[in-house]
Structures are given as structure tokens and as C-alpha cells.
Amino acid sequence: MRRSPDVSPRRLSDISPQLRQLKYLVVDEAIKEDLKWSRSVEDLTSASVGLTSIEERILRITGYYGYQPWAASYKRDERSRESPAPAEAQMQAGAEGGGRVNRCCWKCSVTQVKKIFWGVAVVLGVCSSWSGSTQLAKLTFKKFDAPFTLTWFATNWNFLFFPLYYLGHVFKSAEKQSPKQRYRECCRFFGDNGLTLKVFFTKAAPFGVLWTLTNYLYLHAIKKINTTDVSVLFCCNKAFVFLLSWIVLRDRFMGVRIVAAIFAIAGIVMMTYADGFHSHSVIGIALVVGSASMSALYKVLFKLLLGSAKFGEAALFLSVLAVFNVLFVTCIPVILYFTKVEYWSSFDIVPWGNLCGFSVLLLTFNILLNFGIAITYPTLISLGIVLSVPVNAVVDHYTSEIVFNSVRVIAIIIIGLGFLLLLLPEEWDVWVIKLLTRLKVRKKEEIPEGNGDIASGLPNKSRRTRPSMSSFAH
């Protein structure tokens, strides 16, 4: 007869699905944490294990057909292996995540160490090339008194910028291009039509004039005053760049940079007062300040008219300046020679070694200054210019009759301090505030932790000395 569903089952095999569900009786982890010091969790866990073993015994005794205890235990073990516990899964995920974070931190630290290492190398290169070119120019003028001719000769070496860049492109880039293709791609920097005659006279020629004036005024100042004063006064161009950018480009106003500009102006005045208001010193200081102003105007106008340039575009632009120098500035040294303003009796007395050495050092300085940001931080590159000041001071101390009185030393320190203030990033004040808040939070955290340790020691002692009632329960 067919059994009605209301009648209770007579065999345990009919309720085996319900019994199997007892195996999956799991206590929630949050409940375990809340009832950590209670015995109810242990009872529930032991009860679930006990019910599972009772189910296996009952099914084995009743002879339920198809029941295989070894298969059940195997499946249970297999299930436990395949699906690890939540804590183990979290530990594995945490280990994998921690490994990834460690790898990322390791890569970041390695790249930062490389950048700092290359930064030190670039700083030494900038410092040595800038101070070396300044000292070599001073030495050249003792035999060859022609600052404008030296400027023209050194500017012609800028033509090597684009060929040197293309060699680097060939050795480093995966997709190699022909020189013509690379030239056309870099010419897009000047506009959609490339480097046309109109663009050459409107965008390249003014910068060629500024480049020539900057170098000529700097070299002419070396004839008048010592190299230490020249190098430290030229550092004021950073302050002039900020003032022009604030006025022309409407850059962000920063009080610390205004202070740096005031330091630069005060240093110029004190440097003028250091040797007294003699004609040579005043003219020399005016020439250096003019050179720094031309350099600042060059940088601000470049940003205003041309914007930012990539490495290939910058190399092409500097090579174009050399072309402008050859085509339109060559006539000026010729005129100065025939008017005997810059005259030499024969080409045999020209110190070609000094001229070529100065040109190579100046080319190296400009390469590091323009392309050094590819391998290191721009701030480290700027530090090389400041470090050239003490190098020139040491050389002048042993080779000239410079007097480092208190006024000159204070002026050097003030200008150097202003230059360093200008190297601060725009969000330096936010970083300082964050650092101070972190230090305050750490101090506040350390004080409660110390008080908590002292306070927690007393209850622990009382717990140890006070007898527990559970020990007498049995």
C-alpha cells in the first residue's frame, strides 16, 4: 500500500538527508569571538561532531543500502581540502596581497635609489661643467680678450644637440625612425606647418638673440669681477623667473618665493657694497644681473609662446638656435674684429684648446640641464648650479686676490638661501602641516598607551592574588 505523507518514516534511511545536514552545522565566527570565554561554543562544536558520528553509526547498523562510510569520510576530507577555512583563505589572500605590496615597494625603492644615484652624478656633472667653463673662460681672457667671439664660437656647438639626441633615440628606442622622419615629427613642435621661414623668424630668432645676450653678458662680467661673484649673482635668475612668471604667466602666488626674491635683491645690493662702489665692480655686477634677467626672460617667453617641449623637440630647437647664430650673428664678430674692439694679431695666438674646452663644457652643462630630468629629479639638477659657487670660491681663493669680508660672505649666504627657497615645491606648506599633525597624533597615542600599561598592571595583580571561585566548584 502507498504510505501517506503524514505517517512518520519507519526507516532511518528515509531521514538521512536531514541527518546529513547536521554535518554542516557551523558556528558563526563572530559568535565565537563574542562568546570566547564561554563553554557554549565548545559544547556546540562537540555536539555537531558527535551528531555526525552518531549518524554514521545508525546508518551502518540499520544497513542502509548504498551507504559507504569510507566514501563519506573521503568526500568530507576532500571538501575540507578544496574549500579552506575562512581564516586560512584570508591568510592566503593576505599573504598574496602582502607579497604584491612588498614587490611594489621594492620596485619603488629601487627606482628611487636609481634616481638619487643618477641625481648625484648629474649634480656633480652640472657643478663641474658650470664652474669649469667659468674658470676656463677667465683663463682664456688673459690670452684672448674677445668675449663676444667666444660666445659666438660656443653657440655654434649647439648644432650637435639634435644629432646627439638622434643617436640616443637609435640606441634606446624600440621603434627606430630615419633622421628625416624624426626631424619631421619634432618639427610639429613649431606648428602644423612645421619649421617654416615665418616660424623661424617669429619663434626661433628672438630666442637666439636672448641666448647670445645671456652668454655674452655673463662672459663680459667675468672680465670685470671675480668668478665667485659672477656665479653667485647669476643664481638670482631663479628669482627673476618667479617674478616674471607671476606677472606674465599669472602663476600661483607664494609668499616664500617673494621672500626668496627679496633675498636675491638684498644679496645684489650687499655684493655691490662688498668691494665699494668702484666702476669695475658696479659694471660687472650690472652685467651679471643683466645676464640673469635675459636668462629669466628666455625661460618665461619660451613657456608663454612655445609651452613645454619633449626631448627631441628641445634638441631640435637648440640646434635651430645654432643655425640662427651662424646665419645672422656671424657678421658681428667680423665687425668687432675690423673695428679692433675684439682684435687679435694672428690666428696662431688664438688659444683653440681653451675655446674648444669652454665650448665642450658649456655644451655638457646645457645637455645635463635640459635632458637630466629624464633620469633624476629637477631639484637635484638645480642644486648643481648652487654648488658651483663654493667651488669657484675655493679656486678664486688660491688663484686671485679676492677678499672674503663679512659683507661678501653674508651676501653669498643670502642669495644661496633665496635660491634654495625657490626650489621648494608649490605644496610644501601642505606637506609641513601634514607632518606636524602626524607628529602630534603620535605623541597623543604614545601617552595613553603608557598610562594604559600602568593601569592594566594593577587589575592583573589583583586577579592573580584573588582566588577564583571556579577552582572550588568541583
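The values are calculated or read from the model by the stated rules, or taken from the named source; none is laboratory data. Since this is a predicted model, take the numbers as computed values, not measurements. Heads up, the Cβs are rebuilt from the backbone with ideal geometry, glycines too, and the neighbour counts pull from every protein chain shown. Keep in mind that these areas ignore ligands, DNA and RNA; they rest on the heavy atoms of the full protein, side chains included. Shrake-Rupley method; radii C 1.70, N 1.55, O 1.52, S 1.80 Å.
Structure notes:
- Reported to the nearest whole Å, the Cα centre-to-centre distance from region 188-211 to region 130-158 is 27.
- Extended-chain gain in nm, criterion 0.36 nm per residue less alpha-carbon gap, Lys198 and Leu417: 74.5 nm
- Computed packing ranks the peptides 380-393, 232-245, 249-262 as 232-245, 380-393, 249-262, most packed first, by mean other Cβ atoms within 10 Å.
- Rolling a 1.4 Å probe across the protein heavy atoms gives region 308-354 an accessible surface of 56 Å² per residue.
- Apolar share of the accessible surface for region 111-426: 70 percent from carbon plus sulfur atoms, 1.4 Å probe.
- For region 111-426, the equivalent ellipsoid derived from the alpha-carbon gyration tensor has semi-axes of 31, 26, 19 Å in decreasing order.
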